[in-house]
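Every number in this text was worked out from the coordinates using simple rules, so none of it is lab data. Predicted model, so just to flag it, every value in this text is computed and none were measured. With ideal geometry, Cβ positions are generated from the backbone for all residues, glycine too; neighbour counts draw on all protein chains shown.
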Amino acid sequence: MVAVENVRKAFRGPHGEVAALSTANLRVERGEFVVIRGPSGSGKTTLLLAIGGMQRPSAGRIMVEETDIYALGEKERSRFRAEKIGFVFQMFHLVPYLNTLENVLMARTGGDRGRQARKAGELLDRLGLSGRTYHRPAELSAGERQRTAVARAMFNRPPLILADEPTGNLDPENATEVFEHLATYNKQGATVIVVTHGGTAEPYADRVIHLRDGLLER
Ligand code: ADP
Ligand code: MG
């Protein structure tokens, strides 16, 4: 499903190069729920953005479903991303002036808007948000915001969901709820990769991998 092959990422700064990721190798099979755990600054976000086609590595190759994603052109890659990958971020990344339904519909890649809106409504129902359909993010609790982001990530039924510290701003109860939704989605056949510095995701994981100073450990 996902293959990270000899991936390195360095950032050039005023004081020289910072190696965020040093020669990462990782294979994730279809249907796995993988947690990558590491302290702040260990390269988790860098790795996840690279896997998600959002940040080109300095070296190495990333395959998602047999596609070398950085060999695609910019437009093809963004299309591939929209269809195949759902993202969940720590800070939710919702559009502040759109309501819950419209935020979920941001993931829409085409098709009949009425039908898609019904589909989004059903998804909101399943995530316990049917009473929040027309609220804007500022009118939602943190847990509701993140469930909206989860609904958006699931909208196109992508085979892969990537989550970067998805419960970093949530209390334990809401964190559990978010992980339960990701776990349910995973049990329907999707692959889920969560990067986090804490241990709350671990009970849901088939496999936990540690990341330290830009290096993956078994
Ligand atoms: P984590 O998500 O585990 O906290 P990151 O992947 O964000 O770690 O960062 C890993 C390292 O790379 C850090 O030292 C960070 O400062 C550096 N880094 C990340 N992104 C950038 C960037 N855009 N420019 C320069 N340095 C960066
Ligand atoms: Mg991070």
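Dividing the Cα convex hull volume of region 87-137 by residue count, how many Å³ per residue is that?
Working: hull volume 4.3 nm³, N = 51.
Measuring per residue, one finds 84 Å³ for the Cα hull of region 87-137.
What is the total of Lys pairs in region 2-217 with C-alpha atoms under 25 Å apart, excluding same-chain pairs fewer than 8 positions apart?
So the count works out to 9.
Loop-only GluC sites (Glu not before Pro) in region 1-56, please: DSSP not H, G, I, E or B, and at most 14 other Cβ atoms within 10 Å. Walk me through the numbers before you get to the answer.
On the way: sites: GLU5, GLU17, GLU29, GLU32; in loops: GLU29, GLU32.
Within region 1-56, the qualifying GluC sites (Glu not before Pro) (loop, at most 14 other Cβ atoms within 10 Å) are GLU29.
Per residue, how much space in cubic angstrom lies within the convex hull of the C-alpha atoms of the chain? Show your work: numbers first, answer last.
On the way: hull volume 28.3 nm³, N = 218.
It comes to 130 Å³ per residue, whole-number rounded.
Using a 10 Å cut-off on Cβ atoms, rank the peptides 22-28, 87-93 from the highest mean neighbour count down. The partial results should precede the final answer.
On the way: 22-28: 16.6, 87-93: 18.6.
Descending packing order for the listed peptides: 87-93, 22-28.
For region 148-218 and region 40-92, what is the separation of their C-alpha centers, rounded to whole Å?
Using only Cα atoms to place each centre, the spacing works out to 16 Å.
Using the per-residue mean of other Cβ atoms lying within 10 Å as a proxy for protection, in what order, highest first, do the peptides 68-79, 122-133 fall? Each step should come with its number before you reach the end.
On the way: 68-79: 13.0, 122-133: 16.4.
Per-residue Cβ counts within 10 Å, averaged per peptide and sorted highest first, yield 122-133, 68-79.
Tally the DSSP beta bridges in the chain and give the antiparallel ones as a percent, rounded to 5. Walk me through the numbers on the way to the answer.
Working: 19 of 38 bridges.
The antiparallel proportion sits near 50 percent.
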